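The values are calculated or read from the model by the stated rules, or taken from the named source; none is laboratory data. Everything quoted here is computed from the prediction, not taken from an experiment. FYI the Cβ positions are ideal-geometry reconstructions off the backbone, even for glycines, and counts take in every protein chain you see.
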Amino acid sequence: MHTAVRICIILSVLVGTPSLWAQDQAATELLHEVASKGWIAYNARSENGTWDLFLSRPDGSHRLNITNTPDYEEVAPRFSPDNTRILYRRLLQGKPINHDLWGFEGELCISDSDGNNLQVIGKDGEYPWASWSPDGKQILCLTRKAIQIVDLATKKVLREFPRQGIYQQLFWSPDGKWLIGTGNVQGKNWRVVRINAESGELNVVTLTQSCTPDWFPDSVRVIYSTRPENQKSNKGYGWTQLFFADGNGENPQLIYAEEGYHVYGGTVSPDAKYVLFTKFPDDGGGAEGSGAPVYLMRMADAPTIHGESPELRSQYPSAKNGTIAHLFQGWEPCWTYAEIIKEK
Amino acid sequence: MGTLLDIRGNNQRKVVFPNPIPLALSGLLLAGLLPMLVLCLLSCGQKPDSGEDAKVTSMGSYEVTAKLAEIRGEFPDDPLYDYAYLMKYEILQVHRGIIDSNVIYVGHYKPLKPRDGVADVRSGEIGGNLKTFRVGDIHRMALEVPIEDYFLGGIMNPYSEEYSGPVHWAVWTNLVIQ
């Protein structure tokens, strides 16, 4: 090899190594910082080949398969407000998980947070898009005709009101005052909208095509994924970015974006200091395959842009190069600070 | 009859058909009459069909025969995201229900696919014998309104700037052949 080439290689390694080392070091520090902050629940492919539910520490350690069912595909666990239970759906083994349809499919299940004491709440397709009420005694469902509030003990519909174009991903705010969902509004589809749980009044949260909304613990802010129209990259299709905004649609802010990846599965920690998300080159978040890599980031590092991302960087010139830490391969994570597993 | 025998030196015989039509006229026939003949054969092969069947006459709250007047824009071809697409129709006949307008806007689910294979959890039971959407075709449809009460999915509305009235939901869509 020519001496000049060797020198170039050595120089590039010498220049690049500290930067890579610093990134690894920063990620390691981030993982240490969160290691004892409760548990993350998520679904992932297990050794039996199906989707199972897992718990892990927020640094990705202590991975526990809490369902381990070769006959079922379990997806989308959500901790109850008191953290003692999880709600999820299970489909028959082999049924593909569609990133947009999973809330309509399979049986609604509720178990203890460690996977014990499973209760199958409904038949296949019943209680679509069920999510917890603030007190954990009811569930919010999205049916073809209406939004329904169902009492878990009696299975009675306590209240019913128009869904106003919402067609998937419906969640009740922790304070009980608001609902957030994805729907058609003002002639546009894929808009995140908020409904006043008392009056039924609707307001638009996002003006770009968006989905997978979820609440911050303060019931004021909303996290969501959005793929703004008119992006030039990715042959004009663009890349999905992680955002948050106030529930009234004001103050939309970028959390994380990276050209070459679609960012989904955004959820914040119980104190809103950290955020989890998935990033994957294919749109859809990897649900139809084996999920996507789940990452952890500090909210204080938002907005962060990684990669070359020339279009994004020109749009957000002051974006940071915040630390992100890879946790595991999975889908739809959620986070509790409660010590739900008694470790020996 | 009407053939000539070409006696070749190698005892091979070629049958030659005399051409009673001048060459120019043959060209005209090929260019003009042949496509007409093909079209005639094709249309003659399709029997008139009112689109009536047990599904279209019983499903939905409304039933119409209508001409597909306009498909504005192009159907996005994105297998990852299913949607209903609004199309403009001119009503020719109302069979069931009361529809006051001569023009209606109808949302069809997964418009790039044949109607008999589009139903899923978002749509509930829908279908029909229509294979493709073509402007000018006449459809017999069972409908519901408004679409938002019956369809749990994204709606692409190219008329949102100019029309804010009720949009019908296509429950069953059959092709009418006149």
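From the set of residues in the stretch A:106-130 that are surrounded by 21 or more Cβ atoms within 10 Å (Cβ to Cβ) and not hydrophobic (A, V, I, L, M, F, W, C), which is farthest from the other protein chains (Cβ to nearest Cβ)?
Filtering the stretch A:106-130 for residues that are surrounded by 21 or more Cβ atoms within 10 Å (Cβ to Cβ) and not hydrophobic (A, V, I, L, M, F, W, C), the one farthest from the other protein chains (Cβ to nearest Cβ) comes out as A:113.
Mind checking whether some residue in the stretch B:144-162 is hydrophobic (A, V, I, L, M, F, W, C), closer than 14 Å to residue B:71 by Cα and touching a strand residue (DSSP E or B) at 6+ places or on another chain (Cβ under 8 Å)?
Taking every residue of the stretch B:144-162 in turn, at least one turns out to be hydrophobic (A, V, I, L, M, F, W, C), closer than 14 Å to residue B:71 by Cα and touching a strand residue (DSSP E or B) at 6+ places or on another chain (Cβ under 8 Å).
Scan the stretch B:128-178 residue by residue and report those that are within 10 Å of chain A (Cβ to nearest Cβ), surrounded by fewer than 21 Cβ atoms within 10 Å (Cβ to Cβ) and polar (S, T, N, Q).
Across the stretch B:128-178, the qualifying residues are B:160, B:164.
Give the residues of the stretch A:323-344 that are assigned to a loop (DSSP other than H, G, I, E, B) and of a type in the set (Gly, Ala, Ser), sorted by residue number.
A:338
How do the strands (runs of 3 or more DSSP E) wholly within the stretch A:141-188 filter down when requiring 3 or more residues that are crowded, with 20+ Cβ neighbours inside 10 Å: which remain?
A:147-151, A:166-172, A:178-185
For (1) part of a strand (DSSP E or B); (2) at pLDDT below 95; (3) loosely packed, with under 11 Cβ neighbours inside 10 Å, each residue gets a yes or a no:
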residue: A:19; (1), (2), (3): no, yes, yes
residue: A:32; (1), (2), (3): no, no, no
residue: A:42; (1), (2), (3): yes, no, no
residue: A:60; (1), (2), (3): no, no, no
residue: A:69; (1), (2), (3): no, no, no
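Would you mind stating whether residue A:212 is of a type outside the set (Gly, Ala, Ser), more than 12 Å from chain B (Cβ to nearest Cβ) and assigned to a loop (DSSP other than H, G, I, E, B)?
no
Is one or more of the residues making up the stretch A:79-96 more than 18 Å from residue A:264 (Cβ to Cβ), surrounded by 22 or more Cβ atoms within 10 Å (Cβ to Cβ) and within 14 Å of chain B (Cβ to nearest Cβ)?
The answer is no; no qualifying residue exists.
Give me a count of the residues in the stretch A:106-148 that are hydrophobic (A, V, I, L, M, F, W, C), farther than 14 Å from residue A:88 by Cβ and more than 23 Å from the chain's Cα centre (by Cα).
Of the residues in the stretch A:106-148, 1 are hydrophobic (A, V, I, L, M, F, W, C), farther than 14 Å from residue A:88 by Cβ and more than 23 Å from the chain's Cα centre (by Cα).
What number of residues in the stretch B:98-126 are outside any loop (DSSP other than H, G, I, E, B) and acidic (Asp, Glu)?
1
Checking residue B:95 against (1) away from every other protein chain (no Cβ under 11 Å); (2) in a strand (DSSP E or B); (3) closer than 30 Å to residue A:193 by Cβ, only one condition comes out false. Which one?
Here residue B:95 meets the rest and fails (3).
Which of the residues that make up the stretch A:215-241 are surrounded by fewer than 20 Cβ atoms within 10 Å (Cβ to Cβ) and not in a loop (DSSP other than H, G, I, E, B)?
Passing the criteria: A:221, A:234, A:235, A:236.
Pairs under 8 Å by beta carbon, first residue on the phi > 0 side of the Ramachandran plot and within 11 Å of another protein chain (Cβ to nearest Cβ) in the stretch A:168-189, partner surrounded by fewer than 23 Cβ atoms within 10 Å (Cβ to Cβ) and in a strand (DSSP E or B), six or more apart or different chains?
Within 8 Å, the pairs are A:186/A:204.
So which residues in the stretch B:98-123 are of a type in the set (Asp, Glu) and either in contact (Cβ under 8 Å) with a residue 60 or more places away in the chain or within 14 Å of chain A (Cβ to nearest Cβ) (or both)?
The one that is of a type in the set (Asp, Glu) and either in contact (Cβ under 8 Å) with a residue 60 or more places away in the chain or within 14 Å of chain A (Cβ to nearest Cβ) (or both): B:120.
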